[in-house]
Every structure is written in C-alpha cells, then in structure tokens.
Amino acid sequence: MASSKNRPVTGARAEPVRIAPADGKLGVLLPGLGAVSTTFIAGVEAVKRGLGAPIGSLTQLATVRLGKRSEARSPLIKDFVPLASLTDLEFAGWDIYEDSAYEAARKAAVLDPALLEQVREPLERIHPMEAVFDQDYVRRIRGPNVKEARSKMDKAGMLMDDIRQFRTRTGVSRAVMIWCGSTEVFHRPSQVHQTLKEFEAGLARNDPEIAPSQIYAYAALKMGIPHVNGAPNLTTDTPALLELAREMNVPVCGKDYKTGQTFMKTLIAPGLKARMLGMTGWYSTNILGNRDGEVLDDPGSFKSKEETKLSVLDQILQPQLHPQLYGNVFHSVSINYYPPRGDAKEGWDNIDIFGWLGYPMQIKINFLCRDSILAAPLVLDLVLFMDLAQRAGMRGIQEWLSFYFKAPMHAPEVYPEHDIFIQLMKLKNTLRWMRGEDLITHLGLEYYD
C-alpha cells in the first residue's frame, strides 16, 4: 500500500481512504483475445444493453454489511465504493491470431450465436494487436500475428507504444492490464528475476528465462498500469517486477483464476477441516476441449497449472498442525484435452475422508461447468477492483483479492490464504477499511451485553 499504508486497520473507526474519482474512461488491456476475453467483453456489452445479468460478479451484485446486524445496512458493493461504470470500459487486446473479438468469440463457441449477433458491432471493432509470443513457453499453438524485434526490451517498447496509441485513440484516462492468455510452461525464478536492474539487462540481452507474460507485465508497470495475472505463469511474483510495482506505486495481483474444480476445493476443504474430519486422498481429473485444454496438453504448461492446483489443499488443511487428520493425504490432479467438450469443462473429484473412530466415508463430485462463463465475472471484478486500488493509492501485492485466484500472491513472510470464506472476509473488510467503516469480526458479543 502507498499513501494509505499508515492508516490503522483495527480498533476505532478510521478516516476513509482518499480515493480519486472514477472520472473518464477505463481501458481494459487483454493479453490473449480468446474464449475468456471475448466472453467477458461480449458479456459486458450484453449487460449494458439489458440482454443479460452480470451473474457471478461481486462488484455488480454483491452487498457488504456495515456496522451491527441490527442496523440493517447492506449496500451493494458498487454503491459503497466508487467503481468505474461498465459504460466507461474500453477494450483492447493482443493475440497471435488475427481474428476480431467477434470472430474469436464465434470460434470459441461459448456464447449463443444469437446473443453474439446482438453485440456484434462493438466486438467487430476490436482487432488484436500483434502479440509478444515465444514458442518455447507455449508449445501447442502457433499463429501469424506476432511481434518481431531485435530484443525483448524492444518488444516491451512496442507494447508500450501499443498502449499509448490505444490511449490516444480511445481517450481513456486510466487502464488495467489483465492476463487472459495461455498458460506458459513451468519455470522458477532465476538470477535475472532477482532485481529490476538485472531484469532490464536481461530484456536487453534476450535472456531466455524472461517469459512473454513478464514482458507484458513490465510494459504495464513501467507505464503505471495495474497488472493482474490470470494464469499460473511466473509473472509479477518475482522480486524484480515487485520492485518495479513499488517503484511506480502500482498494484499487482494474481495468480490463476479460481473457476471450476479448484473453486470446489476451496468450498469443501474448509468445511471438512472446520468439522475436524480426516482425509486420506483427493483425486481430481478434468476434461476440456478449448484452446486452454490444447495448451495444457503440453506437459510443461500442465506443470504450471498442476503447481497451483496442488497447493490449495495443503494450505487449507495445514497438515503440520493436524498430522493425525491430514498428515498423509494423497492428492492427484490431471487434465485431459478432449476437443468434443469445447469450453464445457467437466471435473471429477473423489474424496476419501474418515470420521469418528476412523471410519471411512467418500464424497464424489461431478462438476459440469463452463470455464469461460465462470471466468468472465472474475475478470470484470478484478479490473474494477484493481482500478479502485490504484485510485486509492495502494501499491504492490493486493492480497485482499486472493478470493479470485488458485495461487494467491502474498508477502514472503506469510502463507497464502486459500479458505474462500476467509478470503471473502478479507475482501469485504478491505472495502470497509477504505471507506472508514468498522471492520466486521463476527464476534457478536455486543448483542448480548
């Protein structure tokens, strides 16, 4: 946090954070103009026209309780904090394919063609800019619409030029970049990621350890634009880019949208732990047939996804504190590319648990979800909340947005919080704190004095 970081967060009601008004248009910069991005854009356009409801979006539909339960104060979040209006959003994206947003949405086949026809005009106006792409990081797809340059630093400069031209063309006063592209192959931070100086030198010399997603993030942060990492890629969760975010007073968050199977895990695992029911195994498998499934068919990209999916249970169950219940859990995750399913992903889970005196039980889940339908409202919320954070003077990691991610970014000295109910409390308490309202502890003793 920046200008607001020294305000008290506990105790008596504090003065509200000074939040700049959401004046003017807000640019939404989307690396990746595929199923998630086009479902998001088409959905916003549909909501603006009264063709559908923004179901799944906290910023549009959720309320926040203020004060005591007896006060009956529960305004909509969008009426409580000054969020950008949907009518002020302007979209732009990069992609390796040349299809307009309308053509990409038709090929993704997430939304009904009749609905797409009703929002065709604004989607056809969005044509992808040439993407920064490296076949070594995404191996299963290739396309012609890519930037060619001498160095990765030059490519970062080209991205910044794209953003400047977008600002001039649309007149946006602010922007947020949110990654909706493919999952890159798994890799760990190396020496080039340790300091901003080393990272910039690596960009200039084409260091192979610098991924395309990191080039996008660098370009955004250098221009003072908040960055959201919606994939499991190693991106802003490196010392170099966190240093840049602090230097530029820009908020960042991520990573990997929590949509289907992992969403179920963060609902069910906290409940089992709350009741102190034991677990011996959790087996998860998925089938999906969209571009994401094709990319994840590569072992390197799947490794990135597997890391975020596997981390959830260990952090929620805390086996180091409860070895008798969770000290020997077998956790397996697999993803299978199955083209006939398209965007309609199916997740199967088998959970082996035990209760009183160690007697075994089982839970089985078959979640037939729609990946992009679940992701689109998350993209909307993250764009609006990150713009709010920027206007509130907050910088660096925004852990209060962990609610939206499989692998939430966090300070190095603490563990990530995966319990979705704790995450939601953190999010709403942050909003209360911004507006100078008392934080809700749910203690409840004040009703019985």
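The values are calculated or read from the model by the stated rules, or taken from the named source; none is laboratory data. Here the structure is a predicted model, which means the values were calculated and not measured. Positions of Cβ are generated from backbone atoms using ideal geometry, with glycine treated the same way; all protein chains shown enter the neighbour counts. Side chains are part of the model used for accessible areas, which takes the heavy atoms of the whole protein and leaves out ligands, DNA and RNA. Shrake-Rupley method; radii C 1.70, N 1.55, O 1.52, S 1.80 Å.
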Helical mean residue ellipticity (222 nm; -39500 (n - 2.57) per DSSP H run of 4+; nearest 500) of the chain: -11000 deg cm²/dmol
For the chain, what does the relative contact order come out to in percent, with C-alpha contacts under 8 Å and a separation of six or more? 22
What is the pair-distance distribution P(r) of the range 51-145, computed from all Cα-Cα distances in 5 Å bins starting at 0, with each bin given as a whole percent? 2, 10, 14, 14, 14, 12, 12, 8, 6, 4, 2, 1, 0
The chain - percent of accessible surface contributed by carbon and sulfur, probe 1.4 Å: 53
Total lysine pairs whose alpha carbons fall under 21 Å of each other in the range 204-309 (8 or more apart, or interchain): 14
Can you pull out the trypsin sites (Lys or Arg not before Pro) in the range 230-332 that DSSP calls coil and that have at most 15 other Cβ atoms within 10 Å? Arg275
Where both partners of a DSSP beta bridge lie in the chain, what percent of those bridges are antiparallel, to the nearest 5? 45
Tell me the per residue accessible area of the chain using a 1.4 Å probe; a whole number in Å² is fine. 43
Within 10 Å, at most 16 other Cβ atoms, and a DSSP state outside H, G, I, E, B define an exposed site. Report the longest part of the chain free of exposed GluC sites (Glu not before Pro). 210-412
Mind checking which of Val132, Ile55, Val228 is farthest towards the positive end of the chain's charge dipole, using Cβ charges of +1 (Lys, Arg) and -1 (Asp, Glu) about the Cα centre? Ile55
Anyone know which of Leu357, Leu30, Leu424 comes out most mobile in the 10 Å Cα GNM of the chain? Leu357
Honestly the range 295-411 on the Cα gyration tensor test (a ≥ b ≥ c root eigenvalues; a/c under 1.5 rounded, otherwise a/b vs b/c for prolate or oblate) is just oblate
Rg and Dmax in Å for the chain, alpha carbons only: what are they? 21.8, 71
